[in-house]
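Take a look at the following structure, please.
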Amino acid sequence: MKNYSISRIKVILLILILFTTFCIEYSALNMSMTAMSNLYWGNSGSDVSRVQSRLKDWGYYDGPVDGFFGVRTWLAVRKFQANNGLNVTGIVDDETKVALGFNTSTSASISSTYNAATSTTTNDDVYLLAMLINGEARGEPFVGKVAVGAVVMNRVRSPMFPHTIAGVIFQPGAFSAVDDGQMWLPPSQDSIRAAEDAIAGWDPTGGALYYYNASKVQNYWIFNRPIITQIGSHIFAR
């Protein structure tokens, strides 16, 4: 009888140990699957894949679930935010995470990476630059579109500006098309070709870092920049 009682106690203890272990492992797994930090352009990792999958399931995203936060993911996030009354930033912040059904805890680490100094371009870079060109130089001759793209590329290479296409384009106040929404129009085929040519190295401006339309200037400091050339309605300067 005594041995029987001891055996029962051992079995109960073993069950308790297994149950406790299961609960701990389940909690850790659940946290790793539900908690994430803010996500934005350039991030990569499993959390980005989860956002892409959710947006794809809900009809906002039609790109590959590749774990890279590029232009298609960014546009899908913006569309989701606009349709759900959120701030349209393209950043998966706490409010967006809640709307997507994710945990807003920031205690868990996130396996996202961003190489801010990379010189490698992607299809997303081409499309993003094309969007800017379309917003800034729609109606300009083709060489004028390439020139606008070349200014972006010159800034990427300059120590005075961010070292990525996205960083240059979204630098606060850098381009009026970003501020007034003209950039969000679908780019024309000419704008896409112009972006490809600018990224490939064609620079009709001769190294310009700035450009402006003299009839629309509001920040007159630009007149102090040394002028290089004029292409279409844009004046290009160093």
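The values are calculated or read from the model by the stated rules, or taken from the named source; none is laboratory data. Since we're looking at a predicted model, the values are computed, not measured. Note that we place each Cβ from the backbone using ideal geometry, even for glycine, and neighbour counts take in every protein chain shown. Heads up: the accessible areas ignore ligands, DNA and RNA and are worked out on the full protein's heavy atoms, side chains in. Shrake-Rupley method; radii C 1.70, N 1.55, O 1.52, S 1.80 Å.
Quote the FRET efficiency, to the nearest 0.05, computed for residue 163 versus residue 196 with a Förster distance R0 of 30 Å and r equal to the Cβ-Cβ distance.
Approximately 0.90, to the nearest 0.05.
Work out how much length residue 142 to residue 227 would gain on full extension: take 0.36 nm times their residue separation and subtract the Cα-Cα distance, in nm to one decimal.
28.5 nm
Using Cα pairs under 8 angstrom and six or more residues apart, how large is the relative contact order of region 48-107, in percent?
Relative CO of region 48-107 lands at 24 percent.
Rolling a 1.4 angstrom probe over the protein chains, ignoring ligands and nucleic acids, what is the accessible area of residue 56 in square angstrom, nearest 10?
Accessible area, nearest 10 Å²: 90 Å².
So, one more: Using amide H atoms built 1.01 Å from N in the peptide plane, name the residues 5+ places from residue 231, or on other chains, whose amide H lies under 5 Å from its own.
236
Then there is this: Can you tell me the Rg and the Dmax, both Å, for the Cα atoms in region 124-238?
Computed over the Cα atoms of region 124-238, radius of gyration and Dmax are 12.6, 35 Å.
Sticking with the crude label model, points 7 Å out along Cα→Cβ, report the distance from residue 79 to residue 238 in nm, one decimal please.
It is 4.5 nm.
Please list 3J(HN,Hα) in residue order for region 167-177, calculated via the Karplus relation 6.51 cos²θ - 1.76 cosθ + 1.60 where θ = phi - 60°; whole Hz, with x for glycine and proline.
Once rounded to whole Hz, the list reads x, 5, 5, 9, 4, x, x, 6, 9, 5, 5.
Stretch residue 87-residue 123 to full length: gain in nm at 0.36 nm per residue minus the Cα-Cα span?
10.3 nm
Report, in debye and to the nearest 20, how large the dipole of region 126-225 comes out about its Cα centre when Lys and Arg carry +1 and Asp and Glu carry -1 on their Cβ.
180 debye
Want the number for residue 188 to residue 176: 0.36 nm per residue separation, take away the alpha-carbon distance, what's left?
In short, 2.5 nm is gained.
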